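Okay, so here's the structure we're looking at.
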Amino acid sequence: MSESGKAKGRTTRRGFLSGAAAVGGTLATAGLVRPAAAESDPENLPPNVADWSRYLGEGVDARPYGMPSEFEEHVVRRNVAWLTASTESSVNFTPLHELDGIITPNGLCFERHHGGIAEVDPSDFRLMINGLVDKPLIFTMDDIKRFPRTNKLYFLECAANSGMEWRGAQLNGCQFTHGMIHCVMYTGVPLKFILEEAGLKTNAKWIMPEGGDASAMNRSIPLEKALDDCLVAFKMNGEALRPEQGYPLRLVVPGWEGNMWVKWLRRIEVGDQPWHAREETSKYTDLLENGQSRRFTWAMDCKSIVTNPSPQAPLLHKGHNILSGLAWSGRGTVDRVDVTLDGGKNWRNARIDGPSFDKAVHRFYYEFDWNGEPLLVQSRAIDSTGYVQPTKDELRAVRGTNSIYHNNGIQTWHIRENGEVENVEIS
C-alpha cells in the first residue's frame, strides 16, 4: 500500500479512550510537555562570571554511575495508568520528542512486561536447548560468552505501537502514540552458533524461546529466521542489559515484533511445527473486519513519526525552525522520507542524517520557516524494498478497525497559531 494522494485538509479530533481525557488535561502539570526555558538570572549572564565558574564542583567519585543533569529530570519513560490493570503487565513509553540521533539511551528504552521484571542472579542463570537436537545442552553465562560475538544496531518495536490510534486520534504526544520503540547496539552471539552446537535434527523447522519471568513468555519462530540474523544478547550500548530489558540474556529478532524478543531467556526448544502459544493466538494476531485474524504477522512495516514539533514539543519561535523525526523498516533500510506541512498537498524531501543500518531507525530533518499560520505536519517513509508508508485510511480499508497491532499509518500533527500541537486526523 502507498499513500494515494492529496489530503483534503479537514481535521477531526476523536474523543480520548476511557480515562484519557484526564491524561490530556494534566499534560502540563505532570511534566508531559517540555518545560519552557526558565527565566535567566542576570548575575550569570555575560559579562559576569557565572556561579558555576566560581566554585569547585563535585569530584570524580561523587557519581560512580553517571546521571543526567538535574535540568533534564523531565526526560523519562512514562506509563499510561488506565491502559492496563496493573504495571506488572503493562508498558511505558520512550520520550521520543526529547531524543536526537538514532541511539536510545539505556535508561529511556521503553518497557513491556507480562509478569513484572525478573531479577536474575547470573550465577544461577542457565540457558537450556532441547527438542529436535542431537544433544540437549545447558549453558552458563560464561559458556555463552565464549562463543564468537557480534555487535549489531537494531530497533525493537512493540506490535501494539500506535495501536490506540486504529479508530482515530487518541493520545496527545508522540511518546504515547509511537514510543513503544527503541534502537540500541546489541552485543551477543548469533543464535545459529548455539543451535549448531546442539545439532539440529533433519525435521527441525521451528524454535520456541521461553523466558524466565513469571509469565513464562514464549513464541514460535521459524528456524530459517533463527539461523539468519537472530542473536542472544547480553549487552546493549556497551553495558550489560538492564533488568527491565532481560538481564542477563535476551533474544534479538531483528525487524520482527518485539513480543518475540524473549527476555530473561532460559530455554529454546526446537520442533517441527509452531506451538500456537498464548501470545500468538489470543494475542499478537490481527483481527480483521470479517472476524478472521491475520496470523504470524511478524515483520514490522515501514513507518515514521515527526518527533519535533509534536504535542509534547510545541513550536516556540516564529521564523526558522527544525523539524525532526524517526523512520524505520523491519524489512531493510529507509531510502527516503518525505514531509508535508499542509496535510499532504505538497510533499518535500527530508534529509536523512547519520548512519543508515539495516533494521535500525533513521533520523531525518527538514528546515522550514514558520510565520504563525496553522500547519498540518506529516512524514512518509519509503524503505529499501520500495514500500511506501500508507495512510491510516488506506490501512483501515484493508484491515478494518478491530486490531491493535501493526499500525504503521501516517501520523498527523496540527500546529496551531500559538505553536501548540495536537494529534488529529485528516479525512
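The values are calculated or read from the model by the stated rules, or taken from the named source; none is laboratory data. Keep in mind it's a predicted model, so treat the numbers as computed, not measured. Cβ atoms come from the backbone with ideal geometry, glycine included; neighbour counts cover every protein chain shown. The protein model used for the area step is the full one, side chains on, heavy atoms only, and it has no ligands, DNA or RNA in it. Shrake-Rupley method; radii C 1.70, N 1.55, O 1.52, S 1.80 Å.
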**Study point:** For the chain, radius of gyration divided by Kirkwood radius, i.e. Rg to Rh on alpha-carbons
**Key:** 0.99
Check your understanding: Which whole-number percent is the relative contact order of segment 154-288 (Cα, under 8 Å, 6+ apart)?
Key -> 29
**Study point:** Solvent-accessible area per residue, Å², over the chain with all protein chains present [probe radius 1.4 Å]
**Key:** 45
Review point. Say the dipole of the chain comes from +1 at the beta carbon of Lys and Arg and -1 at that of Asp and Glu; which of LEU249, CYS230, SER356 then lies farthest toward its positive end?
Key: CYS230
Check your understanding: Expressed as a whole percentage, what fraction of the accessible surface of the chain belongs to carbon and sulfur atoms when a 1.4 Å probe is rolled over the protein heavy atoms?
Key -> 51
**Study point:** Zone of GLU197's modelled label, taken as backbone nitrogen in segment 140-167 under 11 Å from a point 7 Å along Cα→Cβ
**Key:** 140-149
Study note, to complete from the structure: The local net charge around PHE176, scoring Lys/Arg +1 and Asp/Glu -1 for residues other than PHE176 whose Cβ lies under 12 Å from its Cβ, equals +1
Check your understanding: With each pseudo-label sitting 7 Å past Cα toward Cβ, what's the HIS317-ARG146 distance in nm, one decimal?
Key -> 5.8
Check your understanding: Residue separation times 0.36 nm, minus the C-alpha to C-alpha distance between GLU373 and ASN402: what's the value?
Key -> 6.8 nm
Study note, to complete from the structure: ASP51 and ASN290 label points (each 7 Å along its Cα→Cβ direction) are spaced in nm at 6.8
Check your understanding: With the contact rule set at Cα under 8 Å and sequence spacing of 6 or more, what percent relative contact order holds for the chain?
Key -> 19
Exercise for review: Just name one of GLY107, MET164, TRP275: the one whose Cα is farthest towards the positive end of the charge dipole of the chain (beta-carbon charges, Lys/Arg +1, Asp/Glu -1).
Suggested key: TRP275
Check your understanding: So how do 293-301, 158-166 stack up, highest first, on mean other-Cβ count within 10 Å?
Key -> 158-166, 293-301
Check your understanding: How large is the charge dipole for segment 153-262, taken about the Cα centre, if only the Cβ atoms of Lys, Arg (+1) and Asp, Glu (-1) carry charge, to the nearest 20 debye?
Key -> 120
Study note, to complete from the structure: Averaging 1/r across every pair of distinct alpha carbons in segment 131-179 and inverting yields a Kirkwood hydrodynamic radius, in angstrom, of 15.4
**Study point:** Extended-chain gain in nm, criterion 0.36 nm per residue less alpha-carbon gap, ASP393 and GLN273
**Key:** 39.6 nm
